[in-house]
Amino acid sequence: MKQLVLASGNPGKLREFAQLLATLDFEVLPQSQFNVPEAEEPHFTFVENALAKARHAARLTGLPALADDSGICLSALKGEPGVHSARYAGEPKSDARNNEKMLADLAGQSDRRAHYVCVLVLVRHADDPQPVITEGEWHGEIVDTPKGENGFGYDPYFWVPEKGCTAAQMSADDKNAMSHRGKALRLLMERLRAAR
């Protein structure tokens, strides 16, 4: 079994990726197992940040690395918080403060459309000239009252019209079937299988 470093320290993402990657013949190891510090994310796009994180983890571990950069984009806020989703309310990172800021910024706005974005980047080594890059989106709307105990981040406020509930009210299997991360990962798996 090949080893793959997951360039994330987010426990929610680690849980989701462990479930989603269970079908591949990779042993997925969190970068924390190698004492890899979080990479800088100075870029304005999801793809540039994901690439920086993947190269950083691969360089420090000598293993192939998979990185994700994801966030929520709100139509009324011209795509914000976007790449700043994890630190929308500043440091230290806080889901509760991020959600408070999101609701405050949306106050008085009738447009509640939102979508999650996930960009995945897989590098075979730190200087891989042809990284595998996939992207997924998940569309919904923002509600004012949180619902559900599952998920993380903005999930309790992310209403999924097709399901009639928030992302935090969905089972892990249902969420993985519909989510931005699930879509991006299925595309990645297709690319990897095709490359064999």
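No value in this document is a laboratory result; all are computed from the given coordinates. Since the model is a prediction, treat every value here as computed from it, not as a measurement. Counting neighbours? That spans all protein chains shown, and the Cβs are built from the backbone with ideal geometry, glycine included.
Mind checking the range 1-83 for GluC sites (Glu not before Pro) that DSSP puts in a loop (not H, G, I, E or B) and that have at most 14 other Cβ atoms within 10 Å?
Filter output for the range 1-83: E38, E40.
Given points 7 Å out from each Cα along the Cα-Cβ axis, report the D111 to K147 separation in nanometres with one decimal.
2.5
Output the antiparallel fraction of DSSP beta bridges having both residues in the chain, as a percent to the nearest 5.
If we restrict to bridges inside the chain, about 80 percent are antiparallel.
Loop-only trypsin sites (Lys or Arg not before Pro) in the range 44-77, please: DSSP not H, G, I, E or B, and at most 11 other Cβ atoms within 10 Å.
none
Pairs of Cα atoms under 8 Å, at least six residues apart: use those to get the relative contact order of the range 76-140, whole percent.
26
Counting other Cβ atoms within 10 Å, keep those with at most 14, restrict to DSSP loop, and tell me which GluC sites (Glu not before Pro) in the range 108-196 are left.
Qualifying residues, ordered by number: E149, E162.
Could you work out the pair-distance distribution P(r) of the range 2-195 from its alpha-carbon pairs, with 5 angstrom bin width and percents rounded to whole numbers?
Per 5 Å bin, starting at 0, the Cα pair percentages come out as 1, 8, 16, 21, 20, 15, 10, 5, 2, 0, 0.
Build a GNM of the chain with springs between Cα atoms under 10 Å: which of T145, T166, T45 gets the top mean-square fluctuation?
Highest fluctuation among the options: T145.
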